[in-house]
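Chemist: To start, I am sharing the structure in question, which I have written as structure tokens.
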Amino acid sequence: MENHLDWTGTLNRRELLGRAGRGAGAVAGAGTLASVIAACGSSSSPSSSTAASGLTLDKVEHATGTVKVLGFSGYQVPQSTPPGMTAKWGYNTTNEQIITKTTQPGSFDLLIITSALLGQLLLLNRIAPIDVSLLPNWSKLDPFFRNTPFIRADGKIWAIPQHWGYNYTQYNADVIPPPTTYQDLLSPKLRRKVGLPDDPYAVITTFAFFAGLSKDANTLTPSQFKTVTNMLEAFRPQVLTIHQYGEENQLFARHDIYVDLPSYSNSFLLTRQAGINAQYTLLGSWSYIDCYWVMAAATNVAGAYRYMNQAIGLRAQLASTKTSLANPVVDAAVTSLPKAMQYPNTDQLLAKLPVQPGVTVKTNSPYVPFQMWEQWWEQYKSA
Amino acid sequence: MTTYVPTSARIRLTRARSLIPPLSTVPTAVYIGVLLVIPGVSLILYSFYTSGFYTVIHSLTSANYHEVFTVAVYWQLLLKSWAVGLIVASIITVCAFTMAYAMRFSLGRWGPRLLILVMATLLSSYIVRIFAWMTILGTNGLTNTALHDLGLISHPLSFLLYGYFAIALVLVYVYLPLAVLPIYAALQGIDPRVLEASRDLGATRLQTLRRMTIPLAMHGIRIAFAVSFIFAASDYVTPTLVGGLDGQMAGNVIQDQFTQSGNYPLGAALAVLLVAGFPVILGGLAVTMRVLGRAGARIPRRSGRRHHPDWLTRATDAASRVPYAGIVTGLLMVFLAAPLLTVIFFSFNNSPVPGLPFEGFTLHWYSSVFSSSQFLSALRTSLEVAGLAVVVAILLGTPAAFGLARRRSAATSLVNTVVFAPIAVPGVMIGIALLTTLDYSGIQGGVYPTVAAHVLLICPFVVLVVRSRLTGLEPNIEEAARDLGARRMRVFRTILLPLLAAALAGAAILAAAISFDELIVTNFTIGAGATLPVWIFSQARTGLTTAINAIAVLLFGGSLGLITLTALLLRLQRSRRLTDTLLAEA
């Protein structure tokens, strides 16, 4: 598809005034105001099947202009931007925030988020299927990531793996012995000494593992969900705070907490750099894949493909692995990880720490939907 | 001599005129009204809609309110938030009055300088300063370490961080500088000779304070209390960072319902109830104060001087000579400066964690900041947004302040409500509503929509500062100039503008500080791009490093430089005016 609109996120004044005039005019009438309100929160993205139609490899390779990316800043490296193109990044701090931030069609071309949100993004018509034949670097990915079912739905590929990682239970080894069972985490010594990240998906999944539901961690029936949430309620006296990801190393450094779960990626290394003897155990561990997604209403689709292709190339993978300290999807880039994080075989590690599929969004399924997970978490945090 | 008898036609005309708002307030009121009517109306409508999956279903229901009132967690959170707001606002108002009083009446020429210092504490990243509080209050933090080393405690005090104590402390810290400003402006309007007269007539310091100073400054005190209450009760960043699991507030749940859980109608119902509580509580307080005031006035006072024993008189005299306001102000300055000093100190820490432990001196974080293209890009965007927003807000806010300060009409209170309404609407709701409106209008998020949003947020503060200054200026001066033949424009240029220069500079600095630090609304309107706070917050995901301290120090240094430059320019302008006057007289 041609780069028919080269939005850069800003407008010249004439355009702004024109569009603002339209907006103001629309708002002026009470009837139209109702339309504005009706539009608020509604899903108005175009059909998700059209994004890549008419796109050829030649058009992708010669794409220019600006590509607008929404993702975590750690993944932003100059090596991902192809020559002659510019990348404009927006950032999100929580996984769910991307849903709100992509409400406006055309605001972003590419999105980076975990594959576990496939169902949510599909339901909201936010993403377009991806034609991997337009990505020459697709073949260079570790076969596990090319073949993973977690980026597929309805026979189409919807996401391109970019990095992956696994969660773990991190602890201060100078203060407590290595926790080997969930019961160890209930020790009176850990009362108000545990941190949880503000990520209901990650926390509830981890506690489902603790409850012995590792096979069904993302497909919990109401009774299983009750078991897991009861465990979390019983665990409440241990919890000091529910923090943002990345804050845990400061909590350890100040001795506010002795255990954090689930921690992820490079967290234990940063904690060690803060002078704490941080160790981790794979108790309750599982993996996730962060992926590129092409937005259904992308305005520079060819540019998005070109950018994405470059980002999964070895050079960009080496760079983004170094800055984000997340595991690469191209095996040769593992050397960019610090020694303490390197691993010999991706497939073996992933077999041990299985990737989780994400929670259903269907309210008529036998499983507790994602919405219920979120609402329960809200009440847990506020109680 | 003829007696003026108003005709019924004249009375009607006067009444009709009183219903027309001052013309100069109209652009601001319309701007804010239009930009607020959307979030306001959508907030109310959303609260009656049914929740879909990160959407709303347009079938009306009262189920959201039912949920708020029946799920104990929610209504308890509302009560807790209002209670925290009231406690924090009470502490802030007392502290702010003490500081403003000392600056105005006790500290002489150091007063205005101290005010600048107080405002300067606002000029580095709000998030980074809250992180600094965590370094101060943490288990092995500076406070616990100091108390332990002094032998005052054997175990760390665990209540300092993560709970309502920490929330209240940090909220007082965050909003105290904002509250000092309106009270100081109100005290500026009090002629010190009035207070001297009160003392000459035999009133004690305390009586003068109670019967003269406080009533005369009541307008500023009320503003300070109301603003602190609203901001503290609806804050969500502070409880998120220092509240822990035991210290949550309604702002957190509202924010989460819009950005995490996707139940917009429930978030809206909570927001409507939270906001609706503000006028009810503030109105209730005002009525209570009035009733108490009347009851107090009815208590018969003992006539004549009371005879105290000599020792008591001497002790009272000695006590009254203690500069309480100055001492308390000094302590409060330490309180306000502590996080900033912590940030500065730890910006040289050779450790990736932006706090304890201190592992050696390095300048590495400063060089890393300047070599970060992400930082430089975000800084550029922030400067662009803040610069444009401040100019527009001054242009809109100053005439509005004139209208509100110089003309009273029935419509004035309505305009007043509209102008200050953005303070009462939760930022997250403004952000969401603007995002969806941009979507509908086909305008992409970016710098200009963010500027429009920031103007909405900072305009009330510009009006507040300029109006407070104008209230303290004698209108007779303007009238005298007009009587002597000067046109309105000349009066404005030669009399009002010089008198207002400092207030305008202060308003611009305050507005720039708020705009530069704004995160909640910007997060939704900036689109593909990032201002500094958005970028800093996004850094948290992969672990905040000490570089954020360096960024905060650089912002603080830059802002102080700007203030110094402004002060020098104002001084230069004043000396030029003096020279011109002398030359003219010669």
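Chemist: From the Cα trace of the protein assembly as shown, what convex hull volume per residue do you get, rounded to a whole Å³?
Modeler: Convex hull of Cα atoms, per residue: 217 Å³.
Chemist: Could you check how much of the accessible area of the stretch A:249-380 is carbon and sulfur, as a whole percent, using a 1.4 Å probe?
Modeler: Roughly 54 percent of what the probe reaches on the stretch A:249-380 is carbon or sulfur.
Chemist: Collect residues whose amide H, placed 1.01 Å from N in the peptide plane, falls under 5 Å from the amide H of A:Thr114; neighbours closer than 5 in sequence don't count.
Modeler: The answer is A:Cys291.
Chemist: Using θ = phi - 60° and the Karplus form 6.51 cos²θ - 1.76 cosθ + 1.60, what ³J(HN,Hα) does each residue of the stretch B:331-337 get, whole Hz, x for Gly and Pro?
Modeler: With coefficients 6.51, -1.76 and 1.60, one gets 5, 5, 5, 4, 4, 6, 7 Hz.
Chemist: Please compute one quarter of the surface area of the Cα convex hull for the stretch B:333-425 and express it in square nanometres.
Modeler: 10.1
Chemist: Once the convex hull of the C-alpha atoms of chain A is built, how many Å³ does it hold per residue, rounded to a whole number?
Modeler: 161
Chemist: At 4 °C and 1.567 mPa s, what whole-number value in µm²/s does Stokes-Einstein give for the translational diffusion of the stretch B:73-187, with Rh from the Kirkwood sum over Cα pairs?
Modeler: My calculation gives 81 µm²/s for D.
Chemist: Over chain B, what is the mean sequence separation of C-alpha contacts under 8 Å (at least six apart), divided by residue count, expressed as relative contact order in percent?
Modeler: 23
Chemist: Once the Cα atoms of the stretch A:113-167 are picked out, what are the Rg and Dmax in Å?
Modeler: 11.4, 32
Chemist: For A:369-380, what's the mean count of beta carbons from other chains sitting within 10 Å of each residue's beta carbon?
Modeler: Mean partner shielding for this stretch: 4.
Chemist: I'd like the distance separating the alpha-carbon centroids of the stretch A:141-212 and the stretch B:254-271, in whole Å.
Modeler: Spelled out, the Cα-based centre of one part sits 27 Å from the other.
Chemist: When only alpha-carbon atoms count, how far does the stretch A:203-312 stretch along each of its three principal axes, as whole angstroms with the largest first?
Modeler: 52, 43, 21
Chemist: Compute the label zone of B:Ala72 within the stretch B:241-283: residues whose backbone N is under 20 Å from the point 7 Å along Cα-to-Cβ.
Modeler: Under 20 Å, as judged by backbone N against the label point of B:Ala72, lie B:245-250, B:253 of the stretch B:241-283.
Chemist: Next up: Over all distinct alpha-carbon pairs, what is the Kirkwood Rh of the stretch B:326-365 in angstrom?
Modeler: Roughly 11.2 Å, rounded to one decimal.
Chemist: Enter the per residue convex hull volume of the stretch B:399-467, computed from alpha-carbon coordinates, in Å³ rounded to the nearest integer.
Modeler: Spread over its residues, the Cα hull of the stretch B:399-467 gives 98 Å³ apiece.
Chemist: If the label point is 7 Å along Cα→Cβ of A:Thr180, which residues in the stretch A:268-307 have backbone nitrogen under 18 Å from it?
Modeler: A:279-285
Chemist: Quick check on the protein assembly as shown: helices-only [θ] at 222 nm, where DSSP H runs of length 4 and up contribute -39,500 (n - 2.57) each and the sum goes over total residues. Nearest 500, please.
Modeler: -18500 deg cm²/dmol
Chemist: Around A:Thr86, which amide H atoms from residues at least 5 apart in sequence, or from another chain, sit under 5 Å from its own amide H, with H modelled in the peptide plane?
Modeler: The list, which skips near neighbours in sequence, is A:Gly65, A:Thr66, A:Val67.
Chemist: Still on this model: For the stretch B:174-188, take each phi angle, set θ = phi - 60°, evaluate the Karplus expression 6.51 cos²θ - 1.76 cosθ + 1.60, and give the result in whole Hz per residue in order, putting x for glycine and proline.
Modeler: 3J(HN,Hα) across the stretch B:174-188, in whole Hz: 5, 9, 4, x, 5, 7, 5, 4, x, 6, 4, 4, 5, 5, 4.
Chemist: Ranked highest first by the average count of other Cβ atoms within 10 Å around their residues, in what order do B:52-58, B:124-130 fall?
Modeler: Final packing ranking: B:124-130, B:52-58.
Chemist: Still on this model: Between chains A and B, what is the buried accessible area summed over both chains (1.4 Å probe, protein heavy atoms, nearest 100 Å²)?
Modeler: 7400
Chemist: How large is Rg/Rh for the stretch A:247-346, to two decimals, with Cα atoms and a Kirkwood Rh?
Modeler: Over the Cα atoms of the stretch A:247-346, Rg/Rh equals 1.06.
Chemist: So how do B:Asp517, B:Asp191 rank on accessible area, 1.4 Å probe, biggest first, that is with the largest at the start?
Modeler: So, going from the largest accessible area down, we get B:Asp191, B:Asp517.
Chemist: To continue, here is another question. Using a 1.4 Å probe, what is the accessible area per residue for the protein assembly as shown, in Å²?
Modeler: 41
Chemist: Now for a different question. Give the share of C-alpha pairs in each 5 angstrom bin for the stretch B:226-284, from 0 to the last occupied bin, in whole percents, shortest bins first.
Modeler: 4, 19, 25, 24, 18, 8, 2
Chemist: Considering the alpha-carbon set of chain B alone, what are its Rg and its Dmax in angstrom?
Modeler: That works out to 25.8, 88 Å for Rg and Dmax.
Chemist: Using the Cα centre of the protein assembly as shown as origin and beta-carbon charges of +1 (Lys, Arg) and -1 (Asp, Glu), tell me which of A:Asn249, A:Tyr280, B:Ile509 is placed farthest towards the positive end of the dipole.
Modeler: Going by the charge dipole, the pick is B:Ile509.
Chemist: Here's something else I'd like to know. Heavy-atom accessible surface, probe 1.4 Å, ligands and DNA/RNA ignored: which residues of the stretch A:243-264 lose at least 30 Å² versus the isolated chain?
Modeler: A:Gln244, A:Tyr245, A:Gly246, A:Glu247, A:Gln250, A:Ala253, A:Arg254, A:His255, A:Asp256, A:Tyr264
Chemist: Which whole-number percentage describes the relative contact order of chain A, with Cα contacts under 8 Å and a sequence gap of 6 or more?
Modeler: 27
Chemist: If packing is taken as the average count of other Cβ atoms within 10 Å, what order do B:546-559, B:168-181 fall into, highest mean first?
Modeler: Those peptides, ordered most packed to least, come out B:168-181, B:546-559.
Chemist: Separate question: Could you pull the accessible area for A:Lys352 with a 1.4 Å probe, rounded to 10 Å²?
Modeler: 140
Chemist: What Rg and what Dmax come out for the stretch A:187-247 when only alpha-carbon atoms are used, in angstroms?
Modeler: 12.0, 33
Chemist: Using +1 on the beta carbon of Lys and Arg, -1 on that of Asp and Glu, and nothing else charged, what's the dipole of chain A about the Cα centre, debye to 20?
Modeler: 340
Chemist: Report, in debye and to the nearest 20, how large the dipole of the protein assembly as shown comes out about its Cα centre when Lys and Arg carry +1 and Asp and Glu carry -1 on their Cβ.
Modeler: Roughly 3820 debye, rounded to the nearest 20.
Chemist: With θ set to phi - 60° and the Karplus curve 6.51 cos²θ - 1.76 cosθ + 1.60, what are the ³J(HN,Hα) couplings of the stretch B:96-101 in order, to the nearest whole Hz, using x for Gly and Pro?
Modeler: 5, 5, 4, 5, 5, 4
Chemist: State, to one decimal in nm, how far the label point of B:Ile477 lies from the label point of A:Arg236, with both points 7 Å from Cα in the Cβ direction.
Modeler: 6.0
Chemist: Same structure, new question: Students often check this: by mean Cβ neighbours within 10 Å, which of A:230-240, A:195-205, B:359-369, B:520-530 ranks highest, and how do the rest follow?
Modeler: Final packing ranking: B:520-530, A:195-205, A:230-240, B:359-369.
The values are calculated or read from the model by the stated rules, or taken from the named source; none is laboratory data. What you see is a predicted model, and the numbers here were worked out from it, not measured in a lab. Backbone-built Cβ (ideal geometry, glycine too); neighbour counts: all protein chains shown. In case anyone asks, the SASA skips ligands and DNA or RNA and just uses the protein heavy atoms, side chains included. Shrake-Rupley method; radii C 1.70, N 1.55, O 1.52, S 1.80 Å.
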